[in-house]
């Protein structure tokens, strides 16, 4: 039962972290523009993650309350302080409203401050976000963090990153702030919690066993290129736990293959090896399990990405990778010689840029792999 619990928990969660991975060579400039109104800027900004000048900070919006969904503006931004208990990862990055459509906002990250790990963490939301309730897809299933108007003891059912169905319940703190807790509908175990602050127009804090974040600044009038991960699709989530087949629709022996179509121009994936879980999903402890664990991913160009733990390492490892031009067949190899896990999760998406506030779009994906 513990094996099943751990494997299910790992496969149901969006994992992240960033240790020292080899940095692939930057991709060459490409213009995949097929429509006349699209212009690819030859003088692309420096893609190295660094200092971002976001724009003026905002005073609290005392007009917005819990009674209705916020009305966001193109160029509105939030600075996120982000951490993961998986490996102690900590980072700060910006999230920007790059475009407004009839029913959606389009969120991205500044081109100079692209943080690839956020794609796998599944929070905060990037790409398309529904205006009505700030909901978005995680593991190809809609996660609904809010339901307006937010009222005391209000409930609804949703799911996060492929996990079990959760019941959300609201606690109203005041006219601006509400806390929402999400519990497993089957056993009542707490799985996730968040804080929404209408004065900042967003979820300002989230707590999940794989990730925590909080908004530390909020403002308007961002100017510059914003990179958007569009059409995020779970393309592989494969694992072996203690030698048991425990992940992926094609799990068969130590190797899986996955074909990615030309619809995507980028893949971000995580490898986790040697990890085990102590306790139930509501009070998870993460621990190393002695043994030999290895994940090897080979992309269609033959490049290998590998994470390995041996008894001499005395810990588990979490590594992130980002790959451009993912079309073709990928090979995933797993070794789990011990009671722990060898796991890979990958998200494919179309990465493109929007110039804020002008709205000009470049559809190419020559943004080099960052870090």
Requested in this report: Within segment 205-225, work out how many residues are part of a strand (DSSP E or B), under 17 Å from the mean Cα position of the chain (by Cα) and crowded, with 20+ Cβ neighbours inside 10 Å.
Outcome: 5
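Just give me the residues in segment 299-315 being assigned to a strand (DSSP E or B), within 24 Å of the chain's Cα centre (by Cα) and buried (at least 17 other Cβ atoms within 10 Å of the Cβ), in sequence order. Reasoning before the result, please.
Of segment 299-315, the ones assigned to a strand (DSSP E or B) are 304-309.
Filter once more, so that each one left must be within 24 Å of the chain's Cα centre (by Cα): 304-308.
Hits for segment 299-315 are 305, 307, 308.
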Requested in this report: Identify all residues within segment 83-139 that are modelled with pLDDT of 90 or more and assigned to a loop (DSSP other than H, G, I, E, B); write none if there are none.
Outcome: 101, 102, 103, 124, 125, 126, 131, 132, 133, 134, 135
Report summary line: Looking across segment 161-174 at residues that are assigned to a loop (DSSP other than H, G, I, E, B) and modelled with pLDDT of 95 or more, the single one that is farthest from residue 143 (Cα to Cα) is 174
Query - Matching entry among 151, 158 (being modelled with pLDDT of 95 or more and either within 25 Å of residue 238 (Cα to Cα) or in contact with a helix residue (DSSP H, G or I) (Cβ under 7 Å, 6 or more places away or on another chain) (or both)) - result: 158
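Table: residues versus (1) at pLDDT 70 or above; (2) at positive phi; (3) assigned to a loop (DSSP other than H, G, I, E, B).
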| position | (1), (2), (3) |
| --- | --- |
| 42 | no, no, yes |
| 50 | no, no, yes |
| 62 | yes, no, yes |
| 69 | yes, no, yes |
| 74 | yes, no, yes |
| 81 | yes, no, no |
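The values are calculated or read from the model by the stated rules, or taken from the named source; none is laboratory data. Quick caveat, the model's predicted, so the values are computed rather than measured. In this analysis, Cβ positions are derived from the backbone assuming ideal geometry, glycine residues included, and neighbour counts consider all displayed protein chains.
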